[in-house]
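Engineer: One structure is given below, represented as structure tokens, and several questions about it will come after.
The values are calculated or read from the model by the stated rules, or taken from the named source; none is laboratory data. Fair warning: this is a prediction, and the values are worked out from it, not measured in the lab. Neighbour counts run over all protein chains shown; Cβ positions are idealised from the backbone, glycine included.
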Amino acid sequence: MLFPTLGFAVFFLIVFCGHWLLLRWQKMAWKIFILAASWLFYSFWNWRFLGLLILYTVVNYYLSVASFRSGDPPKRRWVVLAIVFNLLLLGIFKYYGFFVVSAYQVCHALGVPCPLPLIFIALPIGISFFSFQAMSYMVDVHRGIIQPAQSLLDFAIYKAFFPQLVAGPIIRAAHYLPQFYDIEKVNRIDVGRAATLILGGLFKKMVIASYLAGNLVDPVFGKSDAFHGLDILLGIYGYAVQIYCDFSGYSDIAIGVAQLLGFNFPENFNMPYMATSCREFWHRWHISFSTWLRDYLFFSLYSLPLGGLRFSAARNYVSIFITFLLGGLWHGAAWTFVMWGALHSVYLAGEAILEGLLIRLRGGRPLPDGPWIRCGQRLLVFHLICVSYVFFRSPSFTEGGLLMWRIVGSWSTTLLTLPVALALVVGFLTQFMDGTRLTPVWNGFNRLPAVAQGFLVALVLTFILAIGPQGVSPFIYFQF
Amino acid sequence: MKDMSDIGADRRELGCGQSIRRTALAVLCFYLFAGLFNGAGILRDAEALEFGKQHDVCVALAQPLAFISQHSGLGWLREHLEAALYGGK
């Protein structure tokens, strides 16, 4: 069930009413209702995978309890077992085909038969998100940051809570569970923020991302040999705007929907294309994922011996490299995603080395700063990110390389029309809605009478529905 | 540019927002107005669903909504916007 559909609108109305009515009446009934609603939401894609979600829930819950009860400090074996379990399922469902195909290619090159059977395994939607969520929960319990959920039912609701179930943001238990246990105390809803996030997210997805996908990005990446020069460059810029609008749109709707149910989720994007460095980009893009990688992967790698590397800088670069290779692989089972991760690790390491070198050359004085320098940095970072997107979006290295090569061709354009240019510019500017920049709008909205609020949101939605292309394609991050 | 420390701040702690009763009224009003403004579009979406029980229920629910939307004149805005942008879908 996609957010911007009639089905979800009906589903949410029922859930919203049931949620607040049952919460006032009996909390146990509310818990059962929310869990049933979340499982129903997940079942709309494929009810067969609901069993997998339940398996994840039961195993991780009991392992977390075992870890918590194993002593102080908790025994490591429970968390290791949980991580192995989560990675095993993720490996089977998401990466089996990828590893088998890669093994076949290697065996073919070596002239030996490959013993692995090639079988097609359907990808359960959201598996990457709920696997990562389960692992962070186990590690947090092991580290003593949180206590396990009070019951299996509570944990099942945390795992399955529908706004964040299939494409994040990756909400940590330390953030969710305290709100969950105090949910009946919520007596105010920031409707202004929720409405702005939901409408903004719908606009980004239904108008900008859908339009750019159909009229610029898909033609360029789907039939790259038919385009040259400016068209390809526009296609790459278009993908940068499309993926931002698509994914941040989903996150915004998820956060807004959760807000209407009384939960406050942290924001997942904060003007990523205004970053002045690649490091800053990762503080602004898919924040719940980048902080997950930092807290649970990078720091763990950094503390490992890593072959006896003694220098902290070298350890840092190796840890960054491995973190981003795995981060790339998390996005999809293909070498193009690994390449995307490798490029980002090179950017980050290169940036740190260059910065250190320049500061040393300047005799320890800080680097010069100013509006024009920052503008140049932003342009450079944006283009580096765009280069990484070429491999992220292309079906193969060869296709990605050819696409880059064709940029130097003819600079005539067949794809640049006024609506495309408008969609690119407006899509880029939607970043300015991130964070708390719209606080005056939220406050103004909250002061309106309830009928006017409903009227205004319905009016804006009508505009979005009217100007957006017909039909809604799935969100890009659903495939991850 | 603002710093990033404010990201995800819970504004309810600052007393922002409104009561749940008022929120519920706003949500119900939204559904009412959205239905009336987009009745014809909702019917079109319902008819585009795959044939089956879901299709039949959605169409049955959307038909009266589309009728009211059309005859009350509230569907005017979307119709005119679509006609202006796409020459009518």
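Engineer: Is it fair to say residue A:187 is touching a strand residue (DSSP E or B) at 6+ places or on another chain (Cβ under 7 Å) and either free of Cβ contacts under 8 Å to residues at least 40 places away in the same chain or not aromatic (Phe, Trp, Tyr) (or both)?
Structural biologist: Working: touching a strand residue (DSSP E or B) at 6+ places or on another chain (Cβ under 7 Å): yes; either free of Cβ contacts under 8 Å to residues at least 40 places away in the same chain or not aromatic (Phe, Trp, Tyr) (or both): yes.
For residue A:187, the condition - touching a strand residue (DSSP E or B) at 6+ places or on another chain (Cβ under 7 Å) and either free of Cβ contacts under 8 Å to residues at least 40 places away in the same chain or not aromatic (Phe, Trp, Tyr) (or both) - is met.
Engineer: Moving on to the next point. Does the stretch A:176-199 include one or more residues that are part of a helix (DSSP H, G or I), more than 13 Å from chain B (Cβ to nearest Cβ) and more than 23 Å from the chain's Cα centre (by Cα)?
Structural biologist: yes
Engineer: Moving to a separate point now. Please verify whether residue A:253 is at pLDDT 90 or above, among the β-branched types (Val, Ile, Thr) and more than 30 Å from residue A:145 (Cα to Cα), treating the condition exactly as stated. Please lay out each step first, then the result.
Structural biologist: Working: at pLDDT 90 or above: yes; among the β-branched types (Val, Ile, Thr): yes; more than 30 Å from residue A:145 (Cα to Cα): no.
So residue A:253 fails the test.
Table: residues versus (1) buried (at least 20 other Cβ atoms within 10 Å of the Cβ); (2) more than 14 Å from every other protein chain (Cβ to nearest Cβ).
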position: A:228; (1), (2): no, yes
position: A:238; (1), (2): yes, yes
position: A:244; (1), (2): yes, yes
position: A:269; (1), (2): yes, no
position: A:276; (1), (2): no, no
position: A:281; (1), (2): yes, no
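Engineer: Considering the stretch A:79-115 alone, what residues qualify as being loosely packed, with under 13 Cβ neighbours inside 10 Å, of a type outside the set (Val, Ile, Thr) and more than 30 Å from residue A:64 (Cβ to Cβ)?
Structural biologist: Scanning the stretch A:79-115 gives A:105, A:108, A:109, A:110, A:111, A:113, A:115.
Engineer: If you take the residues of the stretch B:59-78 that are in contact with a Gly (Cβ under 8 Å, 6 or more places away or on another chain) and surrounded by 15 or more Cβ atoms within 10 Å (Cβ to Cβ), which of them is nearest to residue A:455 (Cα to Cα)? I'd like the intermediate steps shown before the answer.
Structural biologist: Of the residues in the stretch B:59-78, the ones in contact with a Gly (Cβ under 8 Å, 6 or more places away or on another chain) are B:62, B:65-70, B:74-75, B:78.
Retained after the next criterion (residues that are surrounded by 15 or more Cβ atoms within 10 Å (Cβ to Cβ)): B:62, B:65-66, B:69-70, B:74-75, B:78.
On the way: B:62: 20, B:65: 17, B:66: 18, B:69: 15, B:70: 18, B:74: 12, B:75: 14, B:78: 14 Å.
Residue satisfying both the conditions and the ranking: B:74.
Quick grid of which residues meet (1) touching a helix residue (DSSP H, G or I) at 6+ places or on another chain (Cβ under 7 Å); (2) part of a loop (DSSP other than H, G, I, E, B); (3) of a type in the set (Val, Ile, Thr); (4) in contact (Cβ under 8 Å) with a residue 12 or more places away in the chain:
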position: A:92; (1), (2), (3), (4): no, no, yes, yes
position: A:107; (1), (2), (3), (4): no, no, no, no
position: A:131; (1), (2), (3), (4): yes, no, no, yes
position: A:135; (1), (2), (3), (4): yes, no, no, yes
position: A:141; (1), (2), (3), (4): yes, no, yes, yes
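Table: residues versus (1) under 28 Å from residue A:275 (Cα atoms); (2) within 13 Å of another protein chain (Cβ to nearest Cβ).
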site: A:398; (1), (2): no, no
site: A:401; (1), (2): yes, no
site: A:406; (1), (2): yes, no
site: A:411; (1), (2): no, no
site: A:438; (1), (2): yes, yes
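Engineer: May I pose another question? From the list A:118, A:199, exactly one residue is surrounded by fewer than 21 Cβ atoms within 10 Å (Cβ to Cβ) and in the same structural domain as residue A:330 (by TED's automatic domain parsing). Which is it?
Structural biologist: Numbers: A:118 fails: in the same structural domain as residue A:330 (by TED's automatic domain parsing).
Of A:118, A:199, the one residue that is surrounded by fewer than 21 Cβ atoms within 10 Å (Cβ to Cβ) and in the same structural domain as residue A:330 (by TED's automatic domain parsing) is A:199.
Engineer: Report yes if residue A:20 is of a type in the set (A, V, I, L, M, F, W, C) and under 21 Å from the mean Cα position of the chain (by Cα), otherwise no. Even if it seems obvious, please write down each step before you answer.
Structural biologist: Working: of a type in the set (A, V, I, L, M, F, W, C): yes; under 21 Å from the mean Cα position of the chain (by Cα): no.
When the stated conditions are applied, residue A:20 does not pass them.
Engineer: Are there helices (runs of 4 or more DSSP H) fully within the stretch B:1-84 with at least 2 residues that are in contact with a strand residue (DSSP E or B) (Cβ under 9 Å, 6 or more places away or on another chain), over 24 Å from residue A:466 (Cα atoms) and at pLDDT 90 or above? List them.
Structural biologist: Working: elements: B:20-37, B:39-48, B:53-72.
Hits in the stretch B:1-84: B:20-37.
Engineer: Still on this structure: Being more than 7 Å from every other protein chain (Cβ to nearest Cβ) and not charged (D, E, K, R) is the filter here; which residues of the stretch A:445-458 pass it?
Structural biologist: Pass one, the stretch A:445-458, residues more than 7 Å from every other protein chain (Cβ to nearest Cβ): A:445, A:447-449, A:452, A:456.
Listed by number, the residues that qualify are A:445, A:448, A:449, A:452, A:456.
Engineer: Still on this model: Can you say whether residue A:5 is in contact (Cβ under 8 Å) with a residue 60 or more places away in the chain and in contact with a Lys or Arg (Cβ under 8 Å, 6 or more places away or on another chain), as far as the supplied structure shows? Spell out how you get there, then give the answer.
Structural biologist: On the way: in contact (Cβ under 8 Å) with a residue 60 or more places away in the chain: yes; in contact with a Lys or Arg (Cβ under 8 Å, 6 or more places away or on another chain): no.
Answer is no for this residue.
Engineer: Of everything in the stretch A:283-301, what is surrounded by fewer than 17 Cβ atoms within 10 Å (Cβ to Cβ) and away from chain B (no Cβ under 12 Å)? Give them in sequence order.
Structural biologist: A:294, A:295, A:299, A:300
Here is a yes/no grid of residues against (1) touching a Gly at 6+ places or on another chain (Cβ under 6 Å); (2) at the interface with another protein chain (Cβ under 7 Å from one of its Cβ atoms); (3) surrounded by fewer than 22 Cβ atoms within 10 Å (Cβ to Cβ):
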| site | (1), (2), (3) |
| --- | --- |
| B:20 | no, yes, yes |
| B:23 | no, yes, no |
| B:27 | no, yes, no |
| B:30 | yes, yes, no |
| B:38 | no, yes, no |
| B:44 | no, no, yes |
| B:49 | no, no, yes |
| B:53 | no, no, yes |
| B:56 | no, no, yes |
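Engineer: Also, quick follow-up: What are the residues in the stretch B:26-72 that are of a type in the set (Phe, Trp, Tyr) and over 17 Å from the mean Cα position of the chain (by Cα), if any?
Structural biologist: Pass one, the stretch B:26-72, residues of a type in the set (Phe, Trp, Tyr): B:30-31, B:33, B:37, B:51, B:67.
Scanning the stretch B:26-72 gives a single hit, B:51.
Engineer: Could I ask something else about it? Kindly indicate whether any position in the stretch A:226-236 is closer than 24 Å to residue A:389 by Cβ, outside any helix (DSSP H, G or I) and not small (Gly, Ala, Ser).
Structural biologist: Looking through the stretch A:226-236, at least one residue is closer than 24 Å to residue A:389 by Cβ, outside any helix (DSSP H, G or I) and not small (Gly, Ala, Ser).
Engineer: Filter the stretch A:402-429 down to the residues that are polar (S, T, N, Q) and in contact with a Gly (Cβ under 9 Å, 6 or more places away or on another chain) and list them by number. Please lay out each step first, then the result.
Structural biologist: So in the stretch A:402-429, the residues polar (S, T, N, Q) come out as A:410, A:412-414, A:417.
Result: A:410, A:412, A:413.
Engineer: Could you check how many residues of the stretch A:423-436 are within 14 Å of chain B (Cβ to nearest Cβ), in contact with a helix residue (DSSP H, G or I) (Cβ under 9 Å, 6 or more places away or on another chain) and not charged (D, E, K, R)?
Structural biologist: Quick first cut of the stretch A:423-436, residues within 14 Å of chain B (Cβ to nearest Cβ) only: A:423, A:431-436.
If we keep only those that are in contact with a helix residue (DSSP H, G or I) (Cβ under 9 Å, 6 or more places away or on another chain) too, we end up with A:423, A:431-434, A:436.
Then drop every residue that is not not charged (D, E, K, R), which leaves A:423, A:431-433, A:436.
Count: 5.
Engineer: Failed condition for residue A:264, given (1) part of a helix (DSSP H, G or I); (2) within 14 Å of chain B (Cβ to nearest Cβ); (3) under 30 Å from residue B:21 (Cα atoms), with all others met?
Structural biologist: Every condition holds for residue A:264 apart from (1).
Engineer: Are there any pairs with C-beta distances below 7 angstrom linking a residue in the stretch A:244-262 that is at positive phi to a residue that is surrounded by 24 or more Cβ atoms within 10 Å (Cβ to Cβ), with the two at least 6 apart or on different chains, and if so which?
Structural biologist: A:262/A:189
Engineer: Moving on. Would you pick out the residues in the stretch A:6-31 that are exposed (fewer than 14 other Cβ atoms within 10 Å of the Cβ) and either away from chain B (no Cβ under 14 Å) or polar (S, T, N, Q) (or both)?
Structural biologist: If the condition is that a residue be exposed (fewer than 14 other Cβ atoms within 10 Å of the Cβ) and either away from chain B (no Cβ under 14 Å) or polar (S, T, N, Q) (or both), then A:26, A:27, A:28, A:29 are the ones that fit.
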